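To start, the structure under review is shown below, and the notes come after it.
Just so it is clear, none of the values below were taken in a lab; they were calculated from the coordinates. Since this is a predicted model, take the numbers as computed values, not measurements. Virtual Cβ from ideal backbone geometry, glycine too; neighbours counted across all protein chains shown.
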Amino acid sequence: MTIEKSRFSSEATPQPNVNTGVINGNDFAAIVPVIAGQIGGREANIVSAKALHKALGVGNDFSTWIKLRIDEYGFGLNADYVVFDSSDFRNQSSNFEQGSPGWVTKRGGDRRSKDYGLSLGMAKELAMVERNEQGRAVRRYFIQCEEALQRSVPEIAAQYRRQLKARISAANNFKPMCEALDAARAEQGKQTQQRHYSNESNMIARIVLGGMTAKQWAQENGITGEPRDSMNAAQLEHLAYLESTNITLIELGQDYDQRKAELIRLSQRWLAKRAGVNHA
């Protein structure tokens with residue numbers, strides 16, 4: 001995991017005089033820093049799960065709490081979070097000194113352990129579900145971090161909005177594509193099985209992902225969970241375009257091989273057009 005230099009410390013301790021009604025940058029930034037890093041190869045703002053756990057005042061021990069929340073809400077590795085050794089942040093933190101007593105157990109052993117780098121969205125959701133004053137305060141802090149990002153780096157905020165729009169568009173096209181395939185096969189007196197839907201999806205994914213299915217692409221990139229959640233905006237837009245086009249081709253009565261050839265041709269034209277726009 002790539003992490004920029006920060007004041008990140010998984011052992012950060014809340015200050016007793018923090019006013020949870022007013023979020024002060026120096027207060028919560030010291031307790032639960034939000035730093036730049038990568039999740040699944042994508043640039044992301046990251047929060048330490050250990051620091052968040054401590055700030056929220058959760059009763060369960062850290063390991064039990066984070067595993068329970070991941071299972072309960074379906075968060076995905078390399079989509080919503082990454083896992084790392086707590087010591088990975090040692091050289092990245094300007095406030096953390098190597099050999100700090102905080103890392104040593106009463107028996108004198110090294111207690112460095114596994115931590116989780118959470119996306120800002122996941123961290124915000126975890127704060128919200130705790131349903132306590134600390135959770136509400138931390139969630140407001142994360143929202144202010146997002147607002148500050150939009151003000152200071154509008155191009156990044158625009159990129160996030162583009163990716164969200166593309167993800168929704170891709171999701172909206174998949175079901176109609178399956179319905180069109182089902183209707184076309186029914187007219188031919190054929191039943192549509194699950195493998196037929198998978199064939200359509202895999203055909204389009206291979207065009208977009210350089211010959212790999214979405215599942216293969218996810219495995220290649222160490223991604224768990226829904227692969228589309230980890231695709232970038234360009235990939236999602238490409239998928240959405242091809243799925244929408246495939247619906248039309250299915251309704252025109254083209255068979256699988258005809259659609260595949262036409263989608264490859266239209267894909268190349270689409271990519272060339274996009275490249276021309278980007279270089280204009």
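Remarks
- Modelled FRET efficiency - R0 45 Å, GLN144 with GLU179, Cβ distances, 0.05 increments: 0.55
- Residue-wise HN-Hα couplings along the range 229-234, as the Karplus relation 6.51 cos²θ - 1.76 cosθ + 1.60 with θ = phi - 60° gives them from phi, are 5, 10, 7, 7, 4, 5 Hz; Gly and Pro carry x.
- Amide H partners (placed H, <5 Å) of LYS114, local residues excluded: SER86
- Part-to-part distance (alpha-carbon centres) for the range 112-137 and the range 184-260, which is given in Å: 35 Å
- Using a cut-off of 24 Å between Cα atoms, the listed pairs LYS165/LYS190; LYS67/LYS124; LYS67/LYS165 include LYS165/LYS190; LYS67/LYS165 as exceeding that distance.
- Take the Cα of GLU226, step 7 Å toward its Cβ, do the same at ARG42, and the gap between the two points is 1.2 nm.
- The range 156-278 - Rg (one decimal) and Dmax (whole number), Cα, Å: 14.8, 50
- Spin-label model, GLN188 to LEU252: label points 7 Å out along the Cα-to-beta-carbon direction sit 1.6 nm apart.
- Given their separation in residues at 0.36 nm each and the Cα-Cα distance between them, GLN219 and SER198 gain 5.8 nm when the chain is fully extended.
- Cα→Cβ-extended label distance, 7 Å offset, between GLU72 and LYS165, nm: 3.6 nm
- Taking θ as phi - 60° and the Karplus parameters 6.51, -1.76 and 1.60, the scalar couplings of the range 189-203 work out to x, 10, 8, 9, 9, 4, 5, 5, 5, 5, 4, 5, 4, 5, 4 Hz in sequence order, x denoting glycine and proline.
- Among SER119, SER48, SER113, sorting on how many other beta-carbon atoms sit within 10 Å of each Cβ, with the fewest leading, yields SER113, SER119, SER48.
- Counting every other Cβ atom within 10 Å of each residue's Cβ, ILE143, ILE46 order from fewest to most as ILE143, ILE46.
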